[in-house]
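Enquirer: This is the structure, below, for whatever I ask next.
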Amino acid sequence: MKKGRQDQPHTITEAKDKKNQPTQISIQQPARGGSSKVWDFFCSVKLAVVIILMLVVACILGTVILQEKTLDEYTARYGYAAATFFRITELNNVFYSYWFAFLLVLLCANLICCTIKRWRNTFMQTGFILTHLSLILILIGGVVKFQLGVKGGVNVYEGKSVNYFLTQLINRQGKLDYVKKDLPFTIALDDFILEKNEPKFQLVSYIKSKDRQKVLEVKVGKRQRVPGSDYKVTIKDYIPDAELHQEPVNTSDTPDNPAIFVKLLGSDKVTAEGWLLAHDRNYYEDKKQDLRVEYIWLPSQAELEKAVSSIETTHPRVSVMVSEHGLSQDYPMELNKTFKLEGTNYSLRMLQYVLNYGDRRPLGEQPTENPAVQIEINGPEGSETRWVFEKFPDWDKMHPSKYKNLKITCSGIASRQMAKNTIRLFHSPEGKRVMVSIKDNHITSTKPWELEKKYSITDMNHQILVSNYFPSFDFKREVIKKSDEIGVPAIFVEVDGPGGRVDDWLFSNQQYATWYTDNNLALVYESTGESIKHFTSKLRIEENGQTVAEKTIRVNDPLTHKGYVIYQSSYDPEAGTFSGLQIVKDPGIPIVYSGFGALCFGVVFIFYIKPFLRKKQRKEMEV
């Protein structure tokens, strides 16, 4: 007999019943002999445990370490050495790294080998095969997703189309980059629909002495106390869409608030008109014509006669009032000069001034719309810098500062600026009226002016006309209801406090707060912001100029075509003219779904079909 391996015959075992009929046949395969070490390695359960542990560690690292950030962001957070290590080892993109995909492939191979090794060719092992096959398919689908899947986005404007999308990529230098991916079709946006929820509004109270802000309930007829104070607020009326009508009126013949109505005419056509108030906005500017018209009220005839012969009528100044000392002082607006407040421990220095706060253009190009001066204050508690606004002297009420006891105002900044052509309309209580024309900082004419009379402007094809004069200018105010729809809501508020009872209308579009008589309580009626209800996009898919698919998509209801899934992800928050689309292609999804399907059938077979078949076999054997 020769030595060596001999094939062993298959052994067939028959189990017979009492009538000697076979009831079950099982085929027993002989044990494999001489399996290679590679086969044993891939069939090892220990290998599966090690791979799973490595995957768990990788998932933890992918959760703890920020993913898909730039090298600069990693450097700022973890340091340059760690950031470089993350980039080299792909720990900055764990789930899409090649080593993570390798671990999934290795686990998949281990499952395949283990399944083959333990497979017995019997129908009863169907559940075992399906469950193992499901895990293999899910792992393969994951590898395909991470390595072949793409995800990006593109903005499409109404009436326009695109045939590409952009994906984010961290390049080799660790910088964020965008890669253009072409589509095998064209996406056209026919319409974008943005639906908003009904806007909501709130009433906010502010107590200056306690620097405390509280939201009050907006309910008509309810009297409520402002928390932590002696003020009581009652909303007496509400209009969903209100408008304030203001009609200029004269309240007295005493000149306590003089105003004139001025018209500028070009070729007998009115080009500009409006009221100029001596103690408020007393000028009009036309930047295109380099023209400025001023209305200047002087308290006496002597001061008027002195002013008409001078180019400068006002000098910018800063006024400081110290409440705790009862002091009030005026200072000329001289930059970088330190002024000591006599009798106090305070000093101030004017750093800079602007004609239009927030305007970055040179001073000579700024319109005099929002003049302001920046002031540095030094006192017992150190240094403080604040902006003081000429037109908004109460700005600091809603913006608490270090030295709350210092009230600072400024004036004369706007009036100091000279246009190439300046018309000054002087007026005094005695009825003296003088018009002074100034060109290039030189007085060109001085003459009296009268109502309803036209005067030519030197070297300009324009005329000026003063059509009306009110000694005591005021507005007759009336709030009217425009519609029943929510537009610009307004509430009529009644406040009871230390200074008695006052009431006023608060509009939701008011720019500034409404203050109680003691300047300690402020109320603001404001919108809490509009919320978006729905945003949808009507899309068409075109190929070779022909429409092959169309759908109105919304969030969680995408359009699918040729393996690409098009989601509604964002929109233009300002104009609402474009739709933000997210485009995803994941070829691993069908494989993963197949895996889950196999898992479901396998579980059903193991827990229901297999027990049923065994029970049936036992009954047949007992017969």
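The values are calculated or read from the model by the stated rules, or taken from the named source; none is laboratory data. Values in this document were obtained by computation on a predicted structure and should not be read as measured data. We place every Cβ from the backbone using ideal geometry, glycine too, and count neighbours over all the protein chains shown. Protein only, heavy atoms only, side chains kept; ligands, DNA and RNA dropped before computing areas. Shrake-Rupley method; radii C 1.70, N 1.55, O 1.52, S 1.80 Å.
Enquirer: How high is the relative contact order of the chain, given as a whole-number percent (alpha carbon pairs under 8 Å, six or more residues apart)?
Expert: On the way: 1159 pairs, mean separation 123.9, N = 623.
Rounded, it is 20 percent for the chain.
Enquirer: Would you grab the residues whose amide H sits under 5 Å from the one on V218? Only those 5+ places off in sequence or on another chain, please, with H modelled 1.01 Å from N.
Expert: Long-range HN contacts for V218: L203.
Enquirer: Same structure again: Carbon-plus-sulfur fraction of the accessible area of the chain, 1.4 Å probe, in percent?
Expert: Roughly 52 percent of what the probe reaches on the chain is carbon or sulfur.
Enquirer: Does anything in segment 511-532 have its amide N under 15 Å from the 7 Å Cα→Cβ label point of R225, and if so which residues?
Expert: Label zone hits: none.
Enquirer: Related question: With every protein chain left in place, what is the accessible area of R281 in Å² (1.4 Å probe, nearest 10)?
Expert: Surface open to solvent at R281 totals about 110 Å².
Enquirer: Is the C-alpha gyration tensor of segment 299-358 telling us rounded, prolate or oblate? Criteria: a/c under 1.5 is rounded; beyond that, a/b larger than b/c is prolate, otherwise oblate. Kindly include the intermediate steps, with their values, before the conclusion.
Expert: Numbers: a/c = 2.67, a/b = 1.51, b/c = 1.77.
Oblate shape, in that a/c is at least 1.5 and b/c is the bigger or equal ratio.
Enquirer: For the Cα atoms of the chain, what angle does the longest principal axis make with the long axis of helix 126-148, in degrees from 0 to 90, nearest 10?
Expert: 40 degrees
Enquirer: Under a 5 Å amide H to amide H cut-off, with H placed in plane at 1.01 Å, what residues pair with T577 once short-range neighbours are removed?
Expert: For T577, the qualifying residues are D572.
Enquirer: Express in Å², to the nearest 10, the accessible area of D268 obtained by rolling a 1.4 Å probe over the protein heavy atoms while all chains stay in place.
Expert: 120 Å²
Enquirer: Also, quick follow-up: On a 0 to 90° scale, report how tilted helix 45-64 is relative to the longest principal axis of the chain, with both axes built from alpha carbons and the result rounded to the nearest 10.
Expert: The two axes meet at around 0 degrees.
Enquirer: Charges only on Cβ, +1 for Lys and Arg, -1 for Asp and Glu: so what's the dipole of the chain about the Cα centre, in debye to the nearest 20? Can you show the working numbers first?
Expert: Working: 80 positive and 72 negative charges, 1043 e Å.
Magnitude of the dipole: close to 5000 debye.
Enquirer: Give me the extension gain from N544 to Q168: residue separation times 0.36 nm, minus the current Cα-Cα distance, reported in nm with one decimal. Spell out each step's value before the answer.
Expert: Values: separation 376, 0.36 × 376 = 135.36 nm, distance 2.86 nm.
Extra length available between N544 and Q168 comes to 132.5 nm.
Enquirer: Cβ under 12 Å from M435's Cβ, M435 left aside: what net charge do those residues give with Lys, Arg +1 and Asp, Glu -1?
Expert: +4
Enquirer: At A82 and S531, where each label point lies 7 Å from the Cα along Cα→Cβ, what is the point-to-point distance in nanometres?
Expert: 3.9 nm
Enquirer: So, one more: Determine the gain in length on full extension of the stretch Q352-S467; use 0.36 nm per residue of separation and subtract their C-alpha separation, reporting nm with one decimal.
Expert: Length gained between Q352 and S467: 37.5 nm.
Enquirer: Let me check something: with ligands and nucleic acids excluded, how do H462, H442, H427 order by accessible area (1.4 Å probe), largest to smallest? It would help to have the intermediate numbers written out before the result.
Expert: Details: H462 35, H442 120, H427 5 Å².
Result, largest first: H442, H462, H427.
Enquirer: Something else: Which GluC sites (Glu not before Pro) does segment 523-623 hold that lie in a coil by DSSP with at most 15 other beta carbons within 10 Å? Don't skip to the end; give the middle numbers.
Expert: Values: sites: E526, E530, E542, E543, E550, E574, E620, E622; in loops: E530, E574.
Answer in residue order: E530, E574.
Enquirer: Still on this structure, I have one more. Using helices alone, I'd like the mean residue ellipticity at 222 nm for the chain: each DSSP H run of four-plus residues gives -39500 (n - 2.57), total over residue count, nearest 500. Provide the component values of the computation, followed by the final result.
Expert: Details: 10 runs with 127 residues, N = 623.
After summing the helix terms and dividing by the residues of the chain, the value is -6500 deg cm²/dmol.
Enquirer: Within segment 77-174, report the trypsin sites (Lys or Arg not before Pro) that DSSP leaves as loop and that have at most 14 other Cβ atoms within 10 Å. Mind showing how you got there, number by number?
Expert: Details: sites: R77, R87, K117, R118, R120, K145, K151, K160, R172; in loops: R118, R120, K160, R172.
The qualifying sites are R118, R120, K160, R172.
Enquirer: Would you tally the net charge around V220, using a Cβ to Cβ cut-off of less than 10 Å, leaving V220 out, and scoring K and R as +1, D and E as -1?
Expert: Working: positive: K219, K222, K236; negative: D237.
Summing Lys/Arg as +1 and Asp/Glu as -1 gives +2.
Enquirer: Another question, if that's okay. Could you give the length gained by full extension between V56 and E365, i.e. 0.36 nm per residue of separation minus their alpha carbon distance, to one decimal place?
Expert: Stretched out fully, the V56 to E365 stretch lengthens by 104.8 nm.
Enquirer: State in Å² the accessible area per residue of segment 412-530; use a 1.4 Å probe, count heavy atoms of protein chains only, and round to the nearest integer.
Expert: Values: 6020 Å² over 119 residues.
Dividing the accessible area of segment 412-530 by its residue count gives 51 Å².
Enquirer: Here's something else I'd like to know. What accessible area, in Å² to the nearest ten, does a 1.4 Å probe give for V502?
Expert: It works out to around 50 Å².
Enquirer: Now a separate question. Got a sec? Charge dipole of segment 236-323, +1 on Cβ for Lys and Arg, -1 for Asp and Glu; which of P255, A242, P299 is way out at the positive end?
Expert: P299
Enquirer: Using the Cβ atoms and a cut-off under 14 Å, what net charge is assigned to the surroundings of N250, where Lys and Arg are +1 and Asp and Glu are -1?
Expert: Net charge in that neighbourhood comes out at -3.
Enquirer: Could you give the nm distance between label points at I443 and S44, where each point is 7 Å from its Cα heading toward the beta carbon?
Expert: For I443 paired with S44, the spin-label model returns 10.6 nm.
Enquirer: Continuing with the same structure: Which of [x] 84, 29, 29; [y] 40, 27, 27; [z] 81, 33, 26 is the computed semi-axes √(5λ) of the Cα gyration tensor in Å for the structure on display?
Expert: Looking at semi-axes √(5λ) of the Cα gyration tensor in Å for this model, the match is [x].
Enquirer: Largest first, what is the accessible-area ranking of E73, E243, E294, E430 with a 1.4 Å probe?
Expert: Working: E73 95, E243 70, E294 5, E430 115 Å².
Accessible-area ranking of E73, E243, E294, E430, largest first: E430, E73, E243, E294.
Enquirer: Hey, got the dipole for segment 107-254? About the Cα centre, +1 on K and R Cβ, -1 on D and E Cβ, debye to the nearest 20? Please list the in-between numbers first.
Expert: Details: 22 positive and 15 negative charges, 287 e Å.
It comes to approximately 1380 debye.
Enquirer: To the nearest Å, what is the center-to-center distance of segment 417-439 and segment 587-605, using C-alpha atoms only?
Expert: Answer, in whole Å: 89.
Enquirer: Ordering E285, E158 from largest to smallest accessible area (1.4 angstrom probe), what's the sequence? Present the calculation step by step, with values, prior to reporting the outcome.
Expert: Numbers: E285 45, E158 80 Å².
Heavy-atom accessible area, descending, gives E158, E285.
Enquirer: With each label point set 7 Å from Cα along the Cα-Cβ vector, what nm distance links S267 and S309?
Expert: Modelled inter-label distance: 4.2 nm.
Enquirer: Further question: For K117, list the lysines whose Cα falls under 18 Å from its own Cα; do not include residues on the same chain fewer than 8 positions away.
Expert: K37, K46
Enquirer: Would you mind checking segment 215-259 for residues with the amide N under 11 Å from a putative spin-label position 7 Å along Cα→C-beta of E494?
Expert: 221-223, 233-237
Enquirer: Another question, if that's okay. Which number gives the lysine pairs in segment 192-331 that have C-alpha atoms under 17 Å apart and are eight or more places apart or on different chains?
Expert: 12
Enquirer: Can you work out the accessible area per residue across segment 290-362, with the rest of the protein chains kept in place, probe 1.4 Å, in square angstrom?
Expert: Details: 4150 Å² over 73 residues.
Averaged over the residues of segment 290-362, the accessible area is 57 Å².
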